[in-house]
Every structure is written in structure tokens, then in C-alpha cells.
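Encoded as C-alpha cells, the structure appears first; notes follow it.
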Amino acid sequence: MTEPRIGTVWTAPELVPTQPSVVAIGVFDGVHVGHRATLSTARRLADERGCRAVALTFDPHPARVVAPSTAPLLLMTPQRRARTIIGEQGFDGVLLLPFDDDRARQAPEAFVRELLLGQLGAVEVVVGRGFRFGHRAGGTCDTLREVGEPAGMHVTAVDLVHDEAVLSSTRIRQLVAEGVVELATGALGRPFILDGTVIDGDRRGRTIGFPTANLAVDDTLVQPAIGVYAGRLLVGGEALPAVINIGRRPTFGPGEVLVEVHCLDWSGDLYGREVAVTFEHSLRGEVKFDGVDALVAQISADVAQARALLV
């Protein structure tokens with residue numbers, strides 16, 4: 001059996017050791033099934049050449065700098081994106097390239113010479129066929145070839161493996177935001193995962209027999225629609241079956257939207273810990289109950305349904 005690669009995440013170009021590399025470039029938000037055509041091609045070419053495979057992605061999303069009013073909510077934190085590319089695609093490293101006004105103004109030719117050829121030692125670059133980069137998105141695959149090939153950098157443009165209208169980060173964000181998590185799973189190739197930090201709550205769940213972990217979530221991330229879901233809490237190497245509620249808890253009066261996770265058959269202190277939650281099945285929408293007894297009965301039914309689906 002081949003040992004899994006243990007890759008490195010770099011947060012600045014100068015941290016990347018310069019050595020021959022096959023470089024896959026893209027935002028790769030969600031690292032979905034469509035992205036894998038680019039990533040798997042880069043990994044294969046790196047193996048054939050006997051050099052490292054590096055993914056170059058961006059933090060923050062370029063749209064947050066060049067067009068903040070239209071910037072999308074993201075499917076993943078940059079850190080999870082990097083870990084997913086390493087863990088699922090076997091990359092040797094991921095550069096989370098800081099994207100700011102200076103980077104947005106950088107000429108495409110300088111991006112190729114200084115970053116790809118100079119810092120990363122790119123002998124091959126793999127991108128989607130419609131890839132654009134540099135100032136005012138003026139760089140194309142042709143630019144990569146014109147600047148890079150005389151210096152020995154080959155360019156591979158990869159076609160999408162699915163219809164872009166059906167399989168894209170934009171479409172998957174829409175599915176998640178609508179709460180259609182089962183379809184999002186198919187497009188991602190894995191359940192949607194939401195990262196967060198466990199914070200102190202009002203502990204009302206504990207008083208009715210269903211203690212929950214309340215999650216503080218980065219406001220740059222897309223969240224599933226208000227409702228109740230079955231999934232898993234990922235913490236400390238464990239994947240704990242759980243019922244997840246996203247909502248305002250209308251039975252107790254209107255409030256802000258909360259992400260609350262009740263683990264099945266488990267209890268412990270999670271306050272302050274970084275965790276993640278998978279969303280695997282949509283159970284129901286949010287309901288205002290006549291009282292606590294009706295709420296407890298419904299949560300019991302939710303737990304039973306989640307147990308049947310997950311355990």
C-alpha cells in the first residue's frame with residue numbers, strides 16, 4: 001500500500017522552497033468533482049516527471065478584493081481547502097497566495113516570471129481552459145505559454161469533466177444555501193463541511209435533555225438553509241453522529257440564527273475547540289412548537305431518524 005503524502009501549506013510565496021514543480025492553479029473553492037480534473041492531471045504529471053505537485057490558490061477569494069460587493073460566500077475556509085487538496089488529491093504542498101490590491105494590479109507576465117518560474121520552479125502549469133489571471137484578468141492560457149514555454153514551462157489546459165452549469169462552486173453554494181445537502185454531496189464528492197469554534201450558549205438544550213454545542217462560524221462561509229440536518233461532528237479525529245439545527249429557536253422567541261449540534265450518545269466539554277460539522281441529510285424545516293413538551297417529542301424523533309441514517 002502506498003503511504004499517504006504529508007503535504008505542506010505555505011502562506012506566502014517566499015516560504016516555498018524553489019524546486020521543480022508541476023503547479024495547478026485555481027480558486028478550487030469546495031475542491032469539488034469538477035476541480036479534480038485539473039488537480040488529478042497535475043498530480044499525474046508530477047509523478048511522471050518525478051517532481052512535486054503544488055496547488056496555487058488564493059486567500060482571500062480574489063473577488064473580495066476586486067469586486068467586494070459581488071464576492072461569494074465560500075464553501076470552505078482556505079485552510080480546509082488546502083488540507084483537502086493535500087489529503088484527497090495527494091499534493092505535496094499548497095500555496096495560499098495572499099491576494100491584495102498589489103497582487104490584483106500585477107501584470108500577467110510578471111506573475112509568470114516572478115512567481116511561477118522564479119519562486120515555484122514551475123516546469124508545468126495545469127489550469128482550466130478558461131483560466132484568467134493578472135491585472136484586469138488580462139492573462140490567459142496563451143499568456144502562460146508565451147511567457148513560460150521559452151523558459152521551459154509547459155502548459156496544460158484541462159476541460160471541465162461536467163457541465164459547468166450543473167457542477168460549479170456557484171451552483172454548489174446555491175444548493176447548500178437552499179438546504180439541498182444531498183445534492184451538494186453528489187457535486188462535492190463528499191458531504192458539505194462547515195468549520196467553526198464552539199462557544200458558550202444559554203445551555204437551554206441541556207435542561208431539556210439534548211445538550212448542544214453552539215458554533216461560531218466565519219461570516220465569509222455559506223451556511224445551509226434554516227432547518228434540521230443529520231450529519232457528524234468532526235473533533236479530535238472522531239466523527240460523531242449528530243443532529244444539527246440551524247435556526248432562530250422560535251419556540252423560545254425570535255433570535256439570531258444559531259448553529260447548534262447535538263451529538264448522539266456522547267457528552268463532553270467542547271468549549272473553545274475548533275470543530276467541523278458535516279451535513280449529510282436534510283431532516284425538516286424549522287417549526288415553532290406550542291410548548292417544550294412538543295419540542296422535546298420532535299427532537300426525539302429527529303434523533304431517531306438521524307440514528308437510522310447515520311449509525
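Take the Cα of Y271, step 7 Å toward its Cβ, do the same at V257, and the gap between the two points is 2.7 nm.
Placing +1 on the Cβ of every Lys and Arg and -1 on the Cβ of every Asp and Glu, with nothing else charged, gives the chain a dipole about its Cα centre of roughly 180 debye.
Summing -39500 (n - 2.57) over the DSSP H runs of n ≥ 4 in the chain and dividing by its residue number, what mean residue ellipticity at 222 nm do you reach, to the nearest 500 deg cm²/dmol? Intermediate values should be presented prior to the final figure.
Details: 9 runs with 83 residues, N = 311.
For the chain, the value works out to -7500 deg cm²/dmol.
Can you give me the Rg/Rh ratio for the stretch 8-158, using Cα atoms for both radii and the Kirkwood formula for Rh? Across the stretch 8-158, the Cα-based Rg/Rh ratio is 0.93. Considering only Cα atoms, the convex hull volume of the stretch 190-310 works out to 104 Å³ per residue. What whole number of Å gives the distance from the Cα centroid of the stretch 92-109 to the Cα centroid of the stretch 17-61? What the calculation gives is 15 Å, centre to centre. Backbone amide hydrogens, once placed in the peptide plane, bring T8 within less than 5 Å of G93, V94, excluding anything fewer than 5 places away on its chain. Over the chain, the Kirkwood radius and the radius of gyration, each from Cα atoms, give a ratio Rg/Rh of 1.04. Antiparallel beta bridges, as assigned by DSSP with both residues in the chain, represent about 60 percent of the total such bridges. Evaluate the relative contact order of the stretch 1-147 (contact order divided by residue number), counting alpha-carbon pairs under 8 angstrom at least 6 apart; express in whole percent. Once divided by the residue count of the stretch 1-147, the mean separation gives 35 percent. For the stretch 76-143, take the alpha-carbon Rg, divide it by the Kirkwood Rh, and send me Rg/Rh. Ratio of gyration radius to Kirkwood radius: 0.98. Close amide-amide hydrogen proximity is noted between L264 and A242, V243, each under 5 Å apart and 5 or more residues distant or on a separate chain (H modeled in the peptide plane; Pro and chain starts excluded).
Working from Cα pairs under 8 Å separated by at least six residues, relative contact order for the chain is 16 percent. Once the Cα-Cα distance is subtracted from the 0.36 nm per residue extended length, the A107 to S300 segment shows a gain of 63.6 nm. Assuming R0 = 41 Å, can you tell me the calculated FRET efficiency for the pair D219 and E146, based on Cβ-Cβ distance, to the nearest 0.05? Rounded to the nearest 0.05, the efficiency is 0.50. With Cα atoms defining each centre, the stretch 222-244 and the stretch 262-311 are spaced 9 Å apart in the structure.
Semi-axes of the equivalent ellipsoid for the stretch 115-184, computed as √(5λ) from the eigenvalues of its C-alpha gyration tensor and ordered from largest down, come to 32, 12, 11 Å. The calculated FRET efficiency for the pair R5 and V65, based on their C-beta separation and a Förster distance of 41 Å, comes to about 0.85.
Every number here is computed from the coordinates shown, using simple stated rules; none is lab data. Computed from a prediction, not measured in an experiment: that's the story for all the values here. Here Cβ is always computed from backbone atoms with ideal geometry, including for glycine, and neighbour counts include all displayed protein chains.
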